[in-house]
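Engineer: Sharing a structure with you now.
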Amino acid sequence: MTALVTGASAGIGAAYVKQLAATGSDLVLVARDLTRLEALASELKARHDINVEVLQADLSDRAQLDKVCARAAQSDIDLVVNNAGFGIKQPFVGGTIEAEQNLLDVLVAAVMRITHAAIPGMIARDRGGVINVSSVAGWMSSGTYSSAKAWVTSFSEALATQHKKSKVHVMALCPGFTRTEFHSRANMEIETIPNWMWLDVDAVVAKSLKDFNNGKVISVPGIQYKILSLIAQYLPRPLVRKISIASRR
């Protein structure tokens, strides 16, 4: 099996490639940081005796994204993990439209285009799948990040339903706060987040791969987030909006 993973150089993406490598999967690592990618590729090849390809790309750049799509469309790709993403610390009104567009390009457009490139061949071969890394934030109303993740979750559910009779599976991973570089890169204040809300990145990925293999459409790691996600999905939306506002204070 060959897996293509975006945002592979750190965080959830790096955890994915390490766990997939441990099962003997060949890999295509996609990220912007070439130095990190090459170091990770060397480590994985030496430790697991697998084939590892490095593909440097900024997914907000259409020409570079097209190269990733072309690779995802090739017949050796059995799994795509759309993981690349980031957060922005700005209000929609008063923030820059460039930052908002960049967020949308990576979190939504890249997921759509890479999946669109990969899925037809998988359907024709009747094997393979896509894991889209979403977030429990998609069930909240806390800015454009949660809006983008809501799209990712809904998109994944739609594809899973449309192709449920095939052997091609699509799943959304919806984690909560996970200990990675994500929050520090976005300059987010995390000091007030209680310890019980944090998830271990390796546990998140292990749970998602188990859920994927079991045919689940949505994977929510952590009992605390299973409960919170159910509350967010079934509470009246005015209450969800109030909770979302309160959580940003």
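Just so it is clear, none of the values below were taken in a lab; they were calculated from the coordinates. All of these numbers come straight from a predicted model, not from anything done at the bench. Note that we place each Cβ from the backbone using ideal geometry, even for glycine, and neighbour counts take in every protein chain shown.
Engineer: Using 14 Å as the cut-off for backbone N distance, which residues of the stretch 110-137 belong to the label zone defined by a point 7 Å from the Cα of M1 along Cα→Cβ?
Structural biologist: Answer for this model: 127-132.
Engineer: Test of understanding: what is the full-extension gain from T35 to A22, defined as 0.36 nm times their sequence separation minus their Cα-Cα distance? Don't skip to the answer; put the middle values down first.
Structural biologist: On the way: separation 13, 0.36 × 13 = 4.68 nm, distance 2.20 nm.
So the extension gain works out to 2.5 nm.
Engineer: Let me ask something additional. Any idea how far apart N195 and I223 come out in nm if each label point goes 7 Å out from Cα toward Cβ?
Structural biologist: 1.8
Engineer: Measure up K45/K226; K67/K167; K67/K216 against 28 Å on the Cα-Cα distance and list the ones that go over.
Structural biologist: Details: K45/K226 36 Å; K67/K167 26 Å; K67/K216 30 Å.
Those over the limit are K45/K226; K67/K216.
Engineer: Can you give me the distance in nm between label points at S154 and D61, each placed 7 Å from the Cα along the Cα-to-Cβ direction?
Structural biologist: Inter-label distance under the simple model: 3.2 nm.
Engineer: Can you pull the one-decimal nm distance between simple spin-label points at E98 and S166, each 7 Å off the Cα toward Cβ?
Structural biologist: Once both label points are built, they end up 4.0 nm from each other.
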